[in-house]
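Visitor: First the structure, then my questions, so here it is.
The values are calculated or read from the model by the stated rules, or taken from the named source; none is laboratory data. Only a predicted model underlies this, so the values are computations on that prediction, with no experimental measurement involved. In this analysis, Cβ positions are derived from the backbone assuming ideal geometry, glycine residues included, and neighbour counts consider all displayed protein chains.
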Amino acid sequence: MLVVLKPVRVIVIRRGVHGERQRFNLAHELGHIVMEVEGNEKVAQRFAGALRMPAEALWSNVARHRSSIGWGELFVLKQLFGASVQAIVYRCGDLGIFPQVMTRKLFREFSLLGVRSAPNYEPHHLR
């Protein structure tokens, strides 16, 4: 009998990271493990987005195609999916719900607001 042992992988999340980011980071790291995609960040991001925000759920809650969205609606979606607004916008762009020009515009706004990196992550943190 042949027994093959794979290396054990451990995922560590830093303290103080808001719930929406913790959940996405865990899903992202799980993507690396499940899909065996070391170093391929885009594939791991797509896996995390699909796991956290399935296409059918986004289509039914956002629509198939949108040309605009307001902050209020984005924060409602944040509560619904337990994900950051940035992750939601990225996933909607990836699915073609938002045109790429709209996705880029929203990410420019996130940058101008200073919410893309610590310590000024977006408002309405989740646990």
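Visitor: Under 7 Å between Cβ atoms, which residue pairs at least 6 apart in sequence (or on different chains) link something in region 89-117 that is within 18 Å of A48 (Cα to Cα) with a partner that is charged (D, E, K, R) and not in a helix (DSSP H, G or I)?
Guide: Hits for this filter: I97/R64; I97/R66.
Visitor: Looking at region 51-76, which of the residues that are crowded, with 19+ Cβ neighbours inside 10 Å and assigned to a helix (DSSP H, G or I) is nearest to the chain's Cα centre (by Cα)? Walk me through it before giving the result.
Guide: Applying the first criterion (crowded, with 19+ Cβ neighbours inside 10 Å) to region 51-76 yields 52-53, 58, 62, 69, 74.
Now drop any that are not assigned to a helix (DSSP H, G or I), which leaves 52, 58, 74.
Values: R52: 7, L58: 13, L74: 13 Å.
For region 51-76, the residue satisfying everything is R52.
For (1) touching a Phe, Trp or Tyr at 6+ places or on another chain (Cβ under 7 Å); (2) modelled with pLDDT of 75 or more; (3) surrounded by 12 or more Cβ atoms within 10 Å (Cβ to Cβ), each residue gets a yes or a no:
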{"site": "L5", "(1), (2), (3)": "no, no, no"}
{"site": "I13", "(1), (2), (3)": "no, no, yes"}
{"site": "E29", "(1), (2), (3)": "no, yes, yes"}
{"site": "M35", "(1), (2), (3)": "yes, yes, yes"}
{"site": "K42", "(1), (2), (3)": "no, yes, no"}
{"site": "F47", "(1), (2), (3)": "no, yes, yes"}
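Visitor: Restricting attention to region 77-127, and to residues there that are among the acidic types (D, E) and surrounded by 15 or more Cβ atoms within 10 Å (Cβ to Cβ), which single residue is modelled with the lowest pLDDT?
Guide: Looking at residues that are among the acidic types (D, E) and surrounded by 15 or more Cβ atoms within 10 Å (Cβ to Cβ), I get E122.
Visitor: Across region 31-49, what is the total count of residues that are without any contact (Cβ under 8 Å) to a residue 12 or more places away in the chain and either within 11 Å of the chain's Cα centre (by Cα) or closer than 22 Å to M102 by Cα (or both)?
Guide: Summing the residues that are without any contact (Cβ under 8 Å) to a residue 12 or more places away in the chain and either within 11 Å of the chain's Cα centre (by Cα) or closer than 22 Å to M102 by Cα (or both) in region 31-49 gives 1.
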